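Notes follow once the structure below has been shown.
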Amino acid sequence: MADRPTTGVTPFLTVRDRRGREALAFYEKAFGAAVVERNVAEDGERLMQASLRINGGWVMLSDEFPEWTGRAAPPPEGVTLHLQVDDADRWAARAVAAGAVLTMPVAAQFWGDRYGQVVDPFGHRWSIGSPVR
């Protein structure tokens, strides 16, 4: 297995306030993520890049680097990361237990999934769905 994606589209999250390492620990606990690769910046503190496997898919992340962009990263908005899983209720409960905020309770939806949403401690929105049995 490669230590980073080799095809497809992969979300690459920016984590504000030097909380990249904290984000890795959260995603491991909340979503069962496997941290496949992590690279620390030359300052020895910030994450330059990390690759995670979550439920068969990839997510990459780094701390913010305002010295490269000319500004601090804005709060994450306008994007929802979707997890299609075997049991949305269980996955959402695990995320909430790890520190996510439930913003849309998991419920049966008209399109045939149990579906809900959480926001992680770093401001990223996640939707979680599973087929109704």
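Here is how the numbers come out for the structure above:
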read-out	value
Filtered residues of the stretch 1-53 (kept if in a loop (DSSP other than H, G, I, E, B) and among the small types (Gly, Ala, Ser))	2, 8, 32, 33, 41, 44
Residue in the stretch 75-97 that is at pLDDT below 95, over 14 Å from the mean Cα position of the chain (by Cα) and farther than 24 Å from residue 8 by Cα present	yes
Residue count for the stretch 1-31, restricted to those that are open to solvent by 90 Å² or more (accessible area, probe 1.4 Å), free of Cβ contacts under 8 Å to residues at least 60 places away in the same chain and charged (D, E, K, R)	4
Restricting the stretch 107-133 to residues that are over 25 Å from residue 63 (Cα atoms) and under 18 Å from the mean Cα position of the chain (by Cα), the residue that is most open to solvent (accessible area, probe 1.4 Å)	115
Residues (open to solvent by 30 Å² or more (accessible area, probe 1.4 Å) and not in a loop (DSSP other than H, G, I, E, B)) located in the stretch 62-72	66, 67, 68, 69
Test result for residue 59, within 15 Å of residue 126 (Cβ to Cβ), touching a residue at least 12 places away in the same chain (Cβ under 8 Å) and in a strand (DSSP E or B)	yes
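The values are calculated or read from the model by the stated rules, or taken from the named source; none is laboratory data. Please read these numbers as outputs of a predicted model, since none were measured by experiment. We place every Cβ from the backbone using ideal geometry, glycine too, and count neighbours over all the protein chains shown. Ligands, DNA and RNA are excluded from the accessible area calculation, which covers all protein heavy atoms including side chains. Shrake-Rupley method; radii C 1.70, N 1.55, O 1.52, S 1.80 Å.
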